[in-house]
Each structure stands twice: as C-alpha cells, then as structure tokens.
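Values in this text are rule-based calculations from the coordinates and carry no lab data. All values reported here derive from a predicted model rather than from experimental measurement. Cβ placement follows ideal geometry from the backbone for every residue including glycine, while neighbour counts extend to all protein chains displayed.
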Amino acid sequence: MAFSQQIGQFREGNPAPLYLQLQHLIREAIAHDVLAQDDAIPAERDLAIEYDISRITVRKAIGGLVEEGLLTRRRGAGTFVTGRVEKSFSKLSSFSEDMAARGKTASSSWISRAAGTVDPDEAMSLGLSP
C-alpha cells in the first residue's frame, strides 16, 4: 500500500504551505495510530515523488516533526515514528526515572573540579559562612 493511501492526500484548495499539509497528515496518522511507534517513514525522495512536491518541502516537513519529537532520524536507517512516553503528573519523578521510562540511561561526568578557597559571593550563594 502506498504511503499516501495510508495517511491520506492533500486536500484540494487548501491554502496552507505544502510542508505544513504534509506535517498535518503525518501528525494525524500518528495521533490516530495509523502510524505506530518504530514505523518507518518513506525516504524523502519517495515522499517527494508520491506527493509531487520538492524534496526540500519534504525535508522541511519531516524536520519540523523531528523537532516536535514525533519522528526521529537514525543515520543510515531512515526516519521512524518516535514512541510516546505517557507521563503521570500525579507522581513526581526524578530525571533519572524519566530517562529510564524513555529507555535511556542517565549519566553524569565531571567537566572540571578544583580545590581552593571560596570567595564571599560563592559562600553566600551556597549558604556558607565566609
């Protein structure tokens, strides 16, 4: 099945820019579970041919959806629908817990550290005696 048959075509007479129309089609397909987590989006060139629009227009549409967090680009593999993380605001969680819920691992590393005397401004900021 062609991707345009799966998510829909542009509406006739819609004055919105084509990249916004394509974003809307993909966004609605994700919202209505036509496209599920980890589903691949066709290559930019294929979308451009299928929708009869420029590749730059397709790139702009997909780029906007990547910025929104709905799609993710994987180098050498393509563009995929991002999994949604359902967040319950009735329970507070730490950054580490949030990252674990997204399948990521939180970590930290020292950028620099040094021993020395504390100046009065630093002591005040930290609530220490000078």
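Label ASP33 and MET1 with points 7 Å out from Cα along Cα→Cβ: what is the distance between them in nm?
The modelled label-to-label distance comes out at 1.4 nm.
Quote the relative contact order of segment 3-81 in percent (integer), defining contacts as alpha-carbon pairs under 8 Å separated by 6+ residues. Let's see the in-between values first.
On the way: 77 pairs, mean separation 26.6, N = 79.
Once divided by the residue count of segment 3-81, the mean separation gives 34 percent.
If packing is taken as the average number of other Cβ atoms within 10 Å across a peptide's residues, how do 2-15, 105-118, 33-46 rank, most packed first? Each step should come with its number before you reach the end.
Details: 2-15: 11.5, 105-118: 6.4, 33-46: 14.0.
Top of the packing list down: 33-46, 2-15, 105-118.
Can you list, largest first and rounded to whole Å, the semi-axes you get for the chain by taking the square root of 5 times each eigenvalue of its Cα gyration tensor? Mind showing how you got there, number by number?
On the way: eigenvalues 405, 63, 47 Å².
For the chain, the semi-axes come out at 45, 18, 15 Å.
Pop a pseudo-label 7 angstrom from the Cα along the beta-carbon direction at both GLU68 and LYS91 and give the gap in nm to one decimal.
Between GLU68 and LYS91, the simple spin-label model gives 2.9 nm.
Provide the per-residue ³J(HN,Hα) series for segment 36-43, in order, calculated from phi with Karplus coefficients 6.51, -1.76, 1.60 and θ = phi - 60°, each as a whole number of Hz, with x at glycine and proline positions.
So the J values, rounded to whole Hz, are 9, 3, 6, 5, 7, 9, x, 4.
How would LYS104, LYS60 line up from fewest to most surrounding beta-carbon atoms within 10 angstrom? Don't skip to the end; give the middle numbers.
Details: LYS104 10, LYS60 16.
With the sparsest Cβ surroundings first, the list reads LYS104, LYS60.
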